[in-house]
1. Given the options Gly40, Val29, Val57, identify the residue whose Cα lies farthest towards the positive end of the charge dipole of the stretch 2-89 (+1 on Cβ of Lys, Arg; -1 on Cβ of Asp, Glu).
2. Based on DSSP H runs of at least 4 residues, each adding -39500 (n - 2.57), what is the mean residue ellipticity at 222 nm of the chain after dividing by all its residues, to the nearest 500 deg cm²/dmol?
3. State, to one decimal in nm, how far the label point of Ala69 lies from the label point of Ala24, with both points 7 Å from Cα in the Cβ direction.
4. Go through the stretch 29-36 residue by residue and turn each phi into a ³J(HN,Hα) via Karplus (6.51, -1.76, 1.60, θ = phi - 60°); whole Hz please, and just put x for glycine and proline.
5. If you plug each phi of the stretch 13-25 into the Karplus form 6.51 cos²θ - 1.76 cosθ + 1.60 with θ = phi - 60°, what whole-Hz ³J(HN,Hα) values come out, in order, with x for Gly and Pro?
6. Along each of its three principal axes, how wide is the spread of alpha-carbon positions in the stretch 4-43, in whole angstrom units, largest first?
7. Roughly what % antiparallel, to the nearest 5, for the DSSP beta bridges in the chain?
8. Please report, in debye to the nearest 20, how large the charge dipole of the chain is about its Cα centre when each Lys and Arg carries +1 at its beta carbon and each Asp and Glu carries -1 there.
Amino acid sequence: MVVHLLSPAECDEPTMVGFVVSKAVGNSVHRNLVKRRLRGSMAGRLDRVPTGSSVVVRALPAAAAASFADLERDLDSCLSRVLRGDASRARR
């Protein structure tokens, strides 16, 4: 999983999150399952992201076989890294 964060200095706009799940992850059923799981995981973590930020979460092919708990763990790890400003390590 790869997470990108664009955080403006001062903004009152809501936080936006986008998900990228390519065909390499699997057929449409698997891609949509991964997107639903990521969307559910991210909903509970929006308070960690600065207001007005734009977040892009890109699922890698291994996400198709990952459980919900695995995806949550990966998302937590990537979010922690990107929020610390360690962009070179925001990939898992």
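Values in this text are rule-based calculations from the coordinates and carry no lab data. Source: prediction; values computed, not measured. Every residue, glycine as well, gets a Cβ built from its backbone with ideal geometry; the counts of neighbours run over all protein chains shown.
1. Result: Val29, furthest along the dipole toward the positive end.
2. Using -39500 (n - 2.57) per qualifying helix, the result is -12000 deg cm²/dmol.
3. The two pseudo-label positions are separated by 2.8 nm.
4. 5, 5, 4, 5, 4, 4, 4, 4
5. 6, x, 6, 10, 10, x, 10, 10, 10, 7, 5, 5, 6
6. 40, 18, 11
7. 50 percent
8. Rounded to the nearest 20 debye, it is 480 debye.
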